[in-house]
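The values are calculated or read from the model by the stated rules, or taken from the named source; none is laboratory data. From a predicted model like this one, the values you see are computed outputs, not experimental measurements. Glycine also receives a Cβ, built like all others from the backbone with ideal geometry; neighbour counts cover every protein chain displayed.
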Ligand code: GLY
């Protein structure tokens, strides 16, 4: 059978990452690629490799996923995750699960059932029945997020969408500015610093030529309890299809949902025959043009070419280089 050289790319959120937190973001992404890359080369399927990479990022308190996730308006953590198999278009997802470190593992088990998406208590019960051990939700909470929660709670009129405004003076990576005329614009450019949004994700291509994608997140700071973002929605935050490619998104969930950003990105690979780099850029431009959103996106096509783009100041990301080595950065390669 035809053998492909494996590939893997991961992200750890797109926002203005403070200087003193950049190294941790880069190191964590590098570690996730490192963990999955060796396994992929030893024949691990892409589906398991993206789960493994996301597990590393979920366990790392640096990111808004698993341990270290942001707190919702009740001061609690609710996690969303999804995984997709590009060979079969099988899809598994969970929304608003509270007491598990690795929601992507539950999503993977959901994928093997007749269902695609379980939420809340039903998802938690399913996880326990599937043999995944629950943990005390307090084990997911880090001091940094408790401080942020208290800060935001004290700020009258805080909207979670404030988290998706870039800092004043920061324009999109593609040179665009958010529309300020109010039409369909949920994130006007303002003076507030960008809030943390370290959703994590991975896309891999295995030796058999199969593509898979996975995404895991704590969502947005101060989100309404029960709110589910783009990450676990098929074609919004997560998508994979062997006929085109795979993608994982991070950023303004309520916008990414409405433009089906990862599915759109994959379609650009098909329709226009765009490269993943161009498709990622076009998908971010689509998000910005239609819903004035800010986000980041990683991609991989069936030929193993990478795409990474954002219109935020940074996107934490890493990918295995053809021929060896790992590229990891918070800045886009210009
Ligand atoms: N992009 C993550 C979220 O909005 O939940």
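Numbers below:
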quantity: Test for residue 296: is it over 23 Å from residue 20 (Cα atoms) and either in contact with a strand residue (DSSP E or B) (Cβ under 7 Å, 6 or more places away or on another chain) or surrounded by fewer than 17 Cβ atoms within 10 Å (Cβ to Cβ) (or both); calculated: no
quantity: Count of region 113-143 residues which are touching a strand residue (DSSP E or B) at 6+ places or on another chain (Cβ under 9 Å) and buried (at least 17 other Cβ atoms within 10 Å of the Cβ); calculated: 8
quantity: Residue within region 276-290 that is modelled with pLDDT of 95 or more, assigned to a loop (DSSP other than H, G, I, E, B), surrounded by 21 or more Cβ atoms within 10 Å (Cβ to Cβ) and at negative phi present; calculated: no
quantity: Residue that is nearest to residue 16 (Cα to Cα), among those in region 253-272 that are within 13 Å of the ligand (Cβ to nearest atom) and out of contact with any helix residue (DSSP H, G or I) (no Cβ under 6 Å at 6 or more places or on another chain); calculated: 253
quantity: Condition met for residue 229 (near the ligand (Cβ under 10 Å from one of its atoms), closer than 24 Å to residue 65 by Cβ, assigned to a loop (DSSP other than H, G, I, E, B) and modelled with pLDDT of 95 or more); calculated: yes
quantity: Any hit, region 238-252, residues being more than 12 Å from the chain's Cα centre (by Cα) and within 14 Å of the ligand (Cβ to nearest atom); calculated: no
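Matching residues to (1) part of a loop (DSSP other than H, G, I, E, B); (2) more than 20 Å from residue 96 (Cα to Cα); (3) modelled with pLDDT under 95:
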| site | (1), (2), (3) |
| --- | --- |
| 118 | no, no, no |
| 122 | no, no, no |
| 127 | no, no, no |
| 146 | no, no, no |
| 153 | no, yes, yes |
| 157 | yes, yes, yes |
| 163 | no, no, yes |
